[in-house]
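Inspection log for the structure reproduced underneath, given as structure tokens.
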Amino acid sequence: MKYNLIIVIIFSLTIGLVMTPIEASNTIWVHNKMAPATRGEVYVMVNGQQAGFGGSWSRKGFNVYVSDITSEFNLTFSVEDSSEQDKYRGPFKNNKDYEWKFSGSLDIWHIEQLAYIVIPYHFLYGRNCQNWLIQF
């Protein structure tokens with residue numbers, strides 16, 4: 001009798017997991033190269049509403065996920081307690097990951113979009129190897 005109960009529980013969990021929709025997303029990767037004790041933040045904005053947020057203290061990167069349901073978005077970059085105005089970028093199509101870098105200090109800071117390509121590693125060193133991320 002206990003055996004049947006275990007089978008029913010396992011079957012129910014399996015069906016439940018199969019029927020649960022998986023929401024994929026793209027990622028905004030941010031490198032925080034700010035001066036010590038400086039916090040950088042990124043807001044994902046969709047139609048004027050905040051759809052995502054991420055931030056970190058200096059020298060620690062972070063990422064923000066953008067749901068695949070979103071087709072287009074804008075980014076707002078901010079440094080906590082800075083006298084400099086927020087910086088706005090976009091619109092961006094939600095069809096790939098994006099990579100950004102914060103640099104500077106509390107009152108003079110910059111953002112830069114990093115370009116990158118993925119080169120299949122086996123083109124360089126043969127098959128059965130992982131891809132490498134090349135930054136420019």
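The values are calculated or read from the model by the stated rules, or taken from the named source; none is laboratory data. What you see is a predicted model; the values in this text were computed from it and never measured. Please note: Cβ atoms are built from the backbone with ideal geometry, for glycine as well, and neighbour counts cover all protein chains shown.
If the condition is being closer than 19 Å to M45 by Cβ, at pLDDT 90 or above and buried (at least 17 other Cβ atoms within 10 Å of the Cβ), then the stretch 83-111 contributes F92, Y98, E99, W100, F102, I111.
Being within 17 Å of the chain's Cα centre (by Cα), modelled with pLDDT under 90 and surrounded by 14 or more Cβ atoms within 10 Å (Cβ to Cβ) is not true of S56. Every test in (1) at pLDDT 90 or above; (2) surrounded by 10 or more Cβ atoms within 10 Å (Cβ to Cβ) is passed by G48 save one, and that test is (2).
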